[in-house]
Amino acid sequence: MKAVRIEANGGPDVITLTDIPDREPGAGEVRVRNHAIGVNFIDVYHRTGLYKNPLPSGLGLEAAGVVDATGDGVTRFKVGDRIVYASGPIGAYAETHVVKEVQAVRLPNAIPYDIAAASLLKGMTARFLLRKTFRVERGHFVVIHAAAGGVGQIATQWAKHLGANVIAVVGSDEKAEIARSLGADHAIVTSREDIAKRVRELTGVGAHVVYDSVGKDTFLASLDSLRPLGMLVSFGNASGPPPDINPLALAQRGSLFLTRPTLFNYVAAVEQLDETAADLFDVIAKGAVKIAAPTRYALADAAKAHSDLESRKTTGSLVLVP
């Protein structure tokens, strides 16, 4: 089968497409013939080495497809089932991939493969951010960075569905229009506006929560956008890792809370995974969250997909098609 491999960490140029043998599933595992593969910023972190993995390595954690083989003891799925997974193991950039049955969920017939691969990781991320890390309620002022991106588009819609006042932070007027079309009450364009100053103008005393996936370039502005007892949820590093911070800086800004969560801690148990995915599929089925058709790349063009993603020229989600 065709699969993406990297022999060393580096830029998109380290990505190669090669032939490797299909792997037979072991006990408790299923082999999935991928129909669509999600491209996410965590894949970039794995490629660059920000998040370490033994080399050589595959890439990718998320895909949707059909079960084409099962190992001993598998009870959640059978051959022919439509499933989607987003919890690894790494190596989803391939025609087939073997995953543990407890790391996949059944894909409703109403959801196409590319929509599933474009939304499960990002959508489950939005779900834990909005419902677990900080529980957004009606009337909260919520700041969402990169609101026109994959997680941002879902989180913006979901936060509005929950009754929040959503302030979208974006990099261009075009992306501001996307955010507004998804329900954002306000949009801040970083190229010409002071983020913290504008948030305070809009809220009076600052936001209840800021969701920041950008990292280095926006971290301090995010802290300065919060009201006393507000929470900064730093969940990404698109511009690089955030700076080190003295805990006294949180006290000086009003006894703030700071957390750096990851999805995997919120779906570690199969019951948590099923609950999280079910909530996502429910808001999609209700139309509360609409998933835009993703930008599609051939599996052989994975390097270009990474380059486009890192350039922040894209909006919405990207998928690879084997």
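The values are calculated or read from the model by the stated rules, or taken from the named source; none is laboratory data. Bear in mind the structure is a predicted one, so any value in this text is a computation, not a measurement. Virtual Cβ from ideal backbone geometry, glycine too; neighbours counted across all protein chains shown.
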Checklist outcome for this item: If we ask which residues in segment 46-78 are touching a Phe, Trp or Tyr at 6+ places or on another chain (Cβ under 9 Å), surrounded by fewer than 17 Cβ atoms within 10 Å (Cβ to Cβ) and touching a residue at least 40 places away in the same chain (Cβ under 8 Å), their number turns out to be 0
Item to check | Conditions (1) surrounded by fewer than 24 Cβ atoms within 10 Å (Cβ to Cβ); (2) of a type in the set (Val, Ile, Thr); (3) touching a residue at least 60 places away in the same chain (Cβ under 8 Å); number of the one not met by Thr125 | outcome: (1)
Checklist entry - How many residues, within segment 189-233, are farther than 21 Å from Glu174 by Cβ, charged (D, E, K, R) and in a helix (DSSP H, G or I)? => result 3
Checklist outcome for this item: By residue number, the members of segment 128-149 that are buried (at least 24 other Cβ atoms within 10 Å of the Cβ), in contact with a Gly (Cβ under 6 Å, 6 or more places away or on another chain) and over 12 Å from Val233 (Cα atoms) are Ala146
Checklist entry - How about segment 92-102: which of its residues are closer than 17 Å to Asp274 by Cβ and surrounded by 20 or more Cβ atoms within 10 Å (Cβ to Cβ)? => result Val99, Lys100, Glu101
Next on the checklist: Please go through segment 224-235 and give me each residue that is surrounded by fewer than 24 Cβ atoms within 10 Å (Cβ to Cβ), over 14 Å from Thr133 (Cα atoms) and touching a strand residue (DSSP E or B) at 6+ places or on another chain (Cβ under 7 Å), ordered by number.
Outcome noted: Arg227
Checklist entry - When the residues of segment 53-78 are filtered to those that are closer than 23 Å to Ile115 by Cβ and aliphatic (A, V, I, L, M), which remaining residue is modelled with the lowest pLDDT? => result Leu61
Next on the checklist: Being assigned by TED's automatic domain parsing to the domain that holds Val74, touching a residue at least 60 places away in the same chain (Cβ under 8 Å) and not basic (Lys, Arg) narrows it down to one residue among Ala146, Ala110; which is it?
Outcome noted: Ala110
Item to check | Verdict on Gly28 being without any contact (Cβ under 8 Å) to a residue 60 or more places away in the chain and either closer than 20 Å to Ala117 by Cα or not hydrophobic (A, V, I, L, M, F, W, C) (or both) | outcome: no
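Rundown of residues vs (1) surrounded by 15 or more Cβ atoms within 10 Å (Cβ to Cβ); (2) closer than 28 Å to Pro108 by Cα; (3) in contact with a helix residue (DSSP H, G or I) (Cβ under 6 Å, 6 or more places away or on another chain); (4) among the small types (Gly, Ala, Ser), yes/no style:
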{"position": "Gly240", "(1), (2), (3), (4)": "no, no, no, yes"}
{"position": "Leu256", "(1), (2), (3), (4)": "yes, no, yes, no"}
{"position": "Ala305", "(1), (2), (3), (4)": "yes, yes, no, yes"}
{"position": "Ser317", "(1), (2), (3), (4)": "yes, yes, yes, yes"}
Checklist entry - Going by the structure shown, is Pro89 surrounded by fewer than 19 Cβ atoms within 10 Å (Cβ to Cβ), within 19 Å of Thr295 (Cα to Cα) and either within 22 Å of the chain's Cα centre (by Cα) or not basic (Lys, Arg) (or both)? => result no
Checklist entry - When segment 9-42 is examined, which residues are found to be charged (D, E, K, R) and closer than 23 Å to Arg82 by Cβ? => result Asp22, Arg23, Glu24, Glu29, Arg31, Arg33
Checklist entry - What are the residues in segment 161-171 that are at pLDDT 95 or above and either closer than 24 Å to Leu318 by Cβ or among the β-branched types (Val, Ile, Thr) (or both), if any? => result Val166, Ile167, Ala168, Val169, Val170
Checklist entry - Restricting the search to segment 52-65, which residues are of a type in the set (A, V, I, L, M, F, W, C) and over 12 Å from Val99 (Cα atoms)? => result Leu55, Leu59
Next on the checklist: Looking at the structure I just gave you, is Lys290 surrounded by fewer than 16 Cβ atoms within 10 Å (Cβ to Cβ), more than 26 Å from Asn109 (Cβ to Cβ) and out of contact with any Asp or Glu (no Cβ under 7 Å at 6 or more places or on another chain)?
Outcome noted: no
Checklist outcome for this item: Exactly one of Asp279, Asp274 is of a type in the set (Asp, Glu) and in contact with a strand residue (DSSP E or B) (Cβ under 8 Å, 6 or more places away or on another chain), and that residue is Asp274
